[in-house]
Amino acid sequence: MHVPVQAIDREIWRHSVASEGTRLIPEETPLALTYNGGTYAVMMGTPQNLEDFAVGFSLSEGIVRSVDDIRSLEIVRLDDGIELRMWLAPDQAARISERRRHIAGPTGCGICGIESIAEAVRPAAVVPPGQNFTPEQIMTAMQAIAPLQSINMQTRAVHAAAFWSPAGNIVALREDVGRHNALDKLAGALARSRTDARGGMVLLTSRVSVEMVQKTAAIGAPLMVAVSAPTALAVRTAEAAGITLIAIARQDGFEVFTHGGRIVACHATEVADVA
């Protein structure tokens with residue numbers, strides 16, 4: 001089945017008493033990413049927003065530099081999975097043929113199939129300084145995620161990645177059983193809509209590992225916020241990439257791990273209004 005949510009029969013035990021019912025749970029499907037007829041990767045993910053996933057994965061993996069480098073994209077639904085078939089220019093196809101790999105990526109695995117340590121910890125793109133953000137903006141943005149998580153409201157079992165724009169609203173949110181897939185889907189959605197990420201923030205409902213920082217840097221966002229803690233390598237990578245890394249975001253506040261200068265009590269215009 002290739003729908004994102006399934007109703008599954010279950011037996012329920014509460015207070016030593018059994019009953020029957022159904023529960024909505026997220027689907028998990030093999031997603032094969034192919035370029036010019038060759039399989040590059042097979043990831044497990046939620047079968048939704050697949051065009052976004054194909055584009056975002058291609059960008060974050062460095063397979064393409066722009067959405068325009070993908071000449072065509074076709075979603076082919078098979079009995080046992082889904083193929084995301086992409087065709088690139090001949091010179092790009094020749095380049096990726098040298099690094100093509102066949103992998104099976106389990107849920108939550110963001111660097112499966114990497115062939116060297118150097119590739120796994122590759123430097124992230126350096127993000128320009130960007131604008132400042134107030135604590136109120138960060139808290140408001142994080143609180144706006146939950147009502148937009150349609151799959152998670154049904155299942156309580158998927159991650160989300162969202163993008164908050166300087167206009168003060170969330171312009172895109174994507175969900176997946178894999179946190180890396182959710183962020184790739186978000187990257188694809190922003191690229192396909194030609195959204196400039198340099199002035200906004202990436203919001204995550206998961207922990208922050210190094211590849212999440214690398215993907216955020218590829219998007220170009222100067223700030224990322226997560227509900228869980230980062231790894232030490234993620235902190236070092238964000239520091240080197242010029243990204244403000246905020247984590248452990250709760251209703252009463254958050255913790256800033258890198259480039260805290262972007263967080264200001266209020267904007268200059270607000271100071272002027274007060275004066």
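The values are calculated or read from the model by the stated rules, or taken from the named source; none is laboratory data. Bear in mind that the values here come from a model prediction, so they are computed numbers and not experimental data. Using ideal geometry, Cβ is built from the backbone for each residue, glycine included, and neighbour counts are taken over all protein chains shown.
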Item to complete: Scan Gly105, Gly130, Gly113 and give me the residue that is surrounded by 20 or more Cβ atoms within 10 Å (Cβ to Cβ) and modelled with pLDDT under 70.
Response: Gly105
Item to complete: Please give the number of the condition Ala93 fails out of (1) more than 22 Å from the chain's Cα centre (by Cα); (2) surrounded by 14 or more Cβ atoms within 10 Å (Cβ to Cβ); (3) modelled with pLDDT of 90 or more; (4) more than 24 Å from Ser193 (Cα to Cα).
Response: (3)
Worksheet item: Could you give every pair whose Cβ atoms fall below 6 Å, whose first residue belongs to the range 233-255 and is outside the structural domain of Met212 (by TED's automatic domain parsing), and whose second residue is in a helix (DSSP H, G or I) and buried (at least 24 other Cβ atoms within 10 Å of the Cβ), counting only separations of at least 6 or pairs across chains?
Response: none
Worksheet item: Are any residues in the range 230-263 in a loop (DSSP other than H, G, I, E, B) and surrounded by 16 or more Cβ atoms within 10 Å (Cβ to Cβ), and if so, which ones?
Response: Gly242, Ile243, Phe257, Thr258, His259
Fill in: Residue satisfying condition, being among the hydrophobic types (A, V, I, L, M, F, W, C), surrounded by fewer than 24 Cβ atoms within 10 Å (Cβ to Cβ) and farther than 23 Å from Glu28 by Cα, within set Val227, Val177, Val213
Val227
Worksheet item: Looking at this structure, is Val55 under 19 Å from the mean Cα position of the chain (by Cα) and at pLDDT below 95?
Response: no
Worksheet, complete the sentence: Residue count, the range 181-225, condition of a type outside the set (S, T, N, Q), under 27 Å from Gly253 (Cβ atoms) and assigned to a helix (DSSP H, G or I), comes to 13
Worksheet item: If we scan the range 16-31, do we find a residue that is of a type outside the set (Ser, Thr, Tyr), surrounded by 14 or more Cβ atoms within 10 Å (Cβ to Cβ), in contact with a Gly (Cβ under 7 Å, 6 or more places away or on another chain) and not in a loop (DSSP other than H, G, I, E, B)?
Response: yes
